[in-house]
């Protein structure tokens, strides 16, 4: 799992090369309208990937199914909000327990999640750390090589 977000909070909080790459490589299968809103909410990713352009050949609009409308109607009230809040608290509590117990997933990465009413995602401190360290090392080495070449010219 990378991110689960809802329509109320489309902008990704972590603004770095990792999340910019995730946004750029996202391929929607349904709901081009909401995807367009998501992409517009995350235009900051262009500062990391300025040459990226959105290329979507064909995406169907999400269907408004009767069952979806019925469930939303049933739960769009104070009781539904209370149930939503309670289930979120239970989920956050369970994920926090797993984090405190230092449980690992199948890849050996520590299980950790950040969740709120509008999103659920792996804790970026645990999930993106290796990627960001590798990226920063490569950028540092690139600058070192560039500086050494510039010094040899002068």
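The values are calculated or read from the model by the stated rules, or taken from the named source; none is laboratory data. In this text, all values refer to a predicted model and were calculated from it rather than measured experimentally. For neighbour counting, all protein chains shown are included, and Cβ atoms are generated from backbone atoms with ideal geometry for every residue, glycine included.
At a glance:
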{"quantity": "Residues that are assigned to a loop (DSSP other than H, G, I, E, B) and under 18 Å from the mean Cα position of the chain (by Cα), drawn from the range 72-131", "calculated": "109, 111, 112, 116, 117, 118, 123, 128"}
{"quantity": "Test: residue in the range 96-119 that is in contact (Cβ under 8 Å) with a residue 40 or more places away in the chain, out of contact with any helix residue (DSSP H, G or I) (no Cβ under 8 Å at 6 or more places or on another chain) and surrounded by 12 or more Cβ atoms within 10 Å (Cβ to Cβ)", "calculated": "yes"}
{"quantity": "Flag if residue 65 is exposed (fewer than 14 other Cβ atoms within 10 Å of the Cβ) and modelled with pLDDT of 90 or more", "calculated": "no"}
{"quantity": "Residues (in a loop (DSSP other than H, G, I, E, B) and within 18 Å of the chain's Cα centre (by Cα)) located in the range 28-51", "calculated": "28, 29, 31, 42, 48, 49"}
{"quantity": "Residue, farthest from residue 34 (Cα to Cα), within the range 68-80, restricted to residues that are surrounded by 11 or more Cβ atoms within 10 Å (Cβ to Cβ) and touching a helix residue (DSSP H, G or I) at 6+ places or on another chain (Cβ under 8 Å)", "calculated": "80"}
